Amino acid sequence: MVSRCTTIAFQGIQAIPVDVQVMIGPGKMSMQIVGLADKAVAESRERVQSAIHASGLSMPNKRVTVNLAPADLPKEGSHYDLPIALALMCALGAIPGDALDGYIVMGELSLDGMVAPVAGALPAAMGANGLDKGLICPASSGPEAAWADPSMDILAPRSLIAMANHFKGTQSLSRPVAAMQDRPDFDGNMSDIRGQETAKRALEVAAAGGHNLIFVGPPGSGKSMLASRLPSILPALAPRELLEVSMVASIAGTLADGKLSSARPFRAPHHSASMAAMVGGGLRARPGEVSLAHNGVLFLDEFPEFTPQVLDSLRQPLETGESVIARANHRVTYPSSMQLIAAMNPCRCGMAGEPGHTCRRGTRCAADYQARISGPLMDRIDLRVEVPAVTATDLMTPQNGETSEVIAERVATARSVQARRYAEMDLDILTNAQVNNTIIEKVAAPDPAGQNLLEEAANAMKFSARGFHRILKVARTLADLEGVGKVGRIHIAESISYRMAGERLAHVQ
């Protein structure tokens with residue numbers, strides 16, 4: 001007789017059903033696991049047997065065969081322990097044979113029979129809900145699984161014995177309660193920044209429209225400080241965004257205590273990061289920094305110090321909002337709709353273009369350093385802002401700038417305008433940066449004066465087609481911040497000014 005239960009395998013954030021089949025048959029006492037299992041799954045044989053003994057049961061003095069179907073789908077991870085153990089307990093008669101029919105099961109087992117937490121409980125719960133099934137998961141993973149559906153049947157046992165007692169009716173497991181982290185208190189405030197009014201304005205525009213931004217300036221000018229203040233003016237995640245972000249974090253195992261957070265991700269990898277760390281990959285094709293920053297911010301400090309191959313790997317996620325990891329035996333896609341914020345010095349010595357500074361290498365210092373960033377990648381950055389050195393006068397001026405709370409209100413208002421606009425057009429879009437070229441030409445069509453200025457600038461500066469449309473996107477955001485429906489000449493002019501700063505980078509002396 002074959003006992004069965006259902007678990008899942010992950011392909012990106014998608015949960016694929018896997019049928020766990022256990023048969024106790026004649027033969028020498030042994031336990032074999034088949035079905036294209038990796039090392040972690042194969043080792044579950046020892047964990048399951050120890051957990052069964054610790055729960056007061058005896059392994060049968062026969063041959064136990066475990067099959068994970070479909071057999072051609074790779075099985076990775078330790079979450080197969082609990083479904084194998086429960087299917088074996090069904091075969092032994094310790095729990096009713098049909099008890100697991102309505103559930104997806106996942107969880108790792110300790111040698112003493114306790115159920116340990118695993119990554120991916122939220123995607124597993126979403127997959128189980130789509131199959132009209134309940135979910136059995138570890139107790140510590142229950143709070144995140146409970147977000148899938150309030151009416152969904154979820155069991156979160158702490159041990160194998162608790163699970164067996166629940167099915168026998170001697171103990172009742174209560175449904176876990178969905179948990180949310182408190183919104184973090186940000187260390188810095190926009191009012192801490194002295195001077196740099198242009199850079200603060202650009203940061204507000206980037207936050208309002210979800211635009212990519214690069215700061216260029218000498219060491220100590222405040223580029224990193226500006227970028228670190230961005231989370232303090234960004235709005236909380238919308239419900240749909242929250243679910244997407246949490247599913248990626250769940251797969252990566254970064255959800256603390258199974259609690260979701262409404263704060264937007266802010267990822268700041270070191271410039272020594274590899275391509276697999278940046279876009280995802282490795283043996284199990286885990287999500288990289290671009291996916292962990294989904295619906296949030298990816299901050300790359302010392303931008304040219306990243307290897308050119310790693311930087312160019314960002315081009316596809318920036319354009320499509322997805323990170324595709326292709327391997328010989330499988331292909332995984334993770335959502336990667338992030339906002340890129342970068343900071344760099346104008347040259348290797350850092351002082352190119354500063355008054356009174358003369359570089360011994362001349363123009364080669366800046367040209368060679370900036371050449372590490374490819375033209376196609378720079379073309380995808382909407383706002384290019386020069387951040388000059390802070391003067392002593394700026395530092396001695398009392399703090400009287402706008403606070404993050406005031407700026408955040410304007411950003412939230414602009415984002416709500418964008419969300420309503422695209423909802424009325426039946427588009428699943430929340431910010432101007434996500435709009436395709438056809439739509440932005442309609443919603444950001446400038447008035448006659450703005451149209452003339454845009455044509456003159458495009459002809460004079462030879463903007464690419466991508467650059468042309470990104471100017472319109474930024475201009476639309478500027479109009480939204482101002483609360484006007486029509487893009488005017490002043491919005492086009494300011495948008496072009498942010499583009500011109502990038503054009504001047506290649507000519508820094």
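The values are calculated or read from the model by the stated rules, or taken from the named source; none is laboratory data. If you're wondering where the values come from, they're calculated on a predicted model, not measured in any experiment. Using ideal geometry, Cβ is built from the backbone for each residue, glycine included, and neighbour counts are taken over all protein chains shown. Ligands, DNA and RNA are stripped out before the accessible areas are found, and what is left, the full protein with its side chains, is counted by its heavy atoms. Shrake-Rupley method; radii C 1.70, N 1.55, O 1.52, S 1.80 Å.
So which of L155, L160 ends up being out of contact with any Ser or Thr (no Cβ under 7 Å at 6 or more places or on another chain) and either surrounded by 17 or more Cβ atoms within 10 Å (Cβ to Cβ) or over 30 Å from R410 (Cβ atoms) (or both)?
L155
What are the residues in the stretch 419-438 that are of a type outside the set (D, E, K, R) and open to solvent by 50 Å² or more (accessible area, probe 1.4 Å), if any?
Scanning the stretch 419-438 gives A423, M425, L427, Q434, N436, N437, T438.
Which of the strands (runs of 3 or more DSSP E) found entirely inside the stretch 248-345 contain at least 3 residues meeting this: out of contact with any Asp or Glu (no Cβ under 8 Å at 6 or more places or on another chain) and of a type outside the set (S, T, Y)?
By residue number, 297-300, 322-326, 339-344.
Regarding the stretch 471-483, can at least one residue be identified that is surrounded by fewer than 16 Cβ atoms within 10 Å (Cβ to Cβ), more than 30 Å from G220 (Cα to Cα) and not hydroxyl-bearing (S, T, Y)?
For the stretch 471-483, residues surrounded by fewer than 16 Cβ atoms within 10 Å (Cβ to Cβ), more than 30 Å from G220 (Cα to Cα) and not hydroxyl-bearing (S, T, Y): present.
Can you pull out the residues in the stretch 50-74 that are in a helix (DSSP H, G or I) and open to solvent by 20 Å² or more (accessible area, probe 1.4 Å)?
S50, H53, A54
V177 - would you say it is buried (at least 18 other Cβ atoms within 10 Å of the Cβ) and touching a residue at least 24 places away in the same chain (Cβ under 8 Å)?
No, not satisfied.
May I ask you to say which residue of S497, S416 is out of contact with any helix residue (DSSP H, G or I) (no Cβ under 7 Å at 6 or more places or on another chain), more than 24 Å from A199 (Cβ to Cβ), surrounded by 13 or more Cβ atoms within 10 Å (Cβ to Cβ) and not hydrophobic (A, V, I, L, M, F, W, C)?
S416
Can you find even one residue in the stretch 407-425 that is assigned to a loop (DSSP other than H, G, I, E, B) and among the β-branched types (V, I, T)? Give the steps one after another, and end with the answer.
Our first condition is that a residue be assigned to a loop (DSSP other than H, G, I, E, B); within the stretch 407-425, this holds for 425.
Applying the additional criterion that residues be among the β-branched types (V, I, T) yields none.
No, because not a single residue in the stretch 407-425 is assigned to a loop (DSSP other than H, G, I, E, B) and among the β-branched types (V, I, T).
Across the stretch 1-43, which residue is surrounded by the most Cβ atoms within 10 Å (Cβ to Cβ) among those that are small (G, A, S) and in a strand (DSSP E or B)?
A15
Within the group A125, A139, A179, which residue is of a type in the set (A, V, I, L, M), modelled with pLDDT of 90 or more and either closer than 30 Å to L234 by Cα or touching a helix residue (DSSP H, G or I) at 6+ places or on another chain (Cβ under 8 Å) (or both)?
That would be A125, the only listed residue that is of a type in the set (A, V, I, L, M), modelled with pLDDT of 90 or more and either closer than 30 Å to L234 by Cα or touching a helix residue (DSSP H, G or I) at 6+ places or on another chain (Cβ under 8 Å) (or both).
Which condition number does H166 fail, the rest of (1) without any contact (Cβ under 8 Å) to a residue 40 or more places away in the chain; (2) on the phi > 0 side of the Ramachandran plot being met?
Only one criterion is unmet by H166, namely (2).
If you check G258 against the conditions, is it crowded, with 22+ Cβ neighbours inside 10 Å and either free of Cβ contacts under 8 Å to residues at least 60 places away in the same chain or touching a Cys at 6+ places or on another chain (Cβ under 9 Å) (or both)?
Spelling it out, it is not the case that G258 is crowded, with 22+ Cβ neighbours inside 10 Å and either free of Cβ contacts under 8 Å to residues at least 60 places away in the same chain or touching a Cys at 6+ places or on another chain (Cβ under 9 Å) (or both).
Does A412 satisfy the criteria of being in contact (Cβ under 8 Å) with a residue 12 or more places away in the chain and under 24 Å from the mean Cα position of the chain (by Cα)?
It is true that A412 is in contact (Cβ under 8 Å) with a residue 12 or more places away in the chain and under 24 Å from the mean Cα position of the chain (by Cα).
When you go through S140, S191, S151 one by one, which is the residue that is among the polar types (S, T, N, Q) and assigned to a loop (DSSP other than H, G, I, E, B)?
Answer to the selection: S151.
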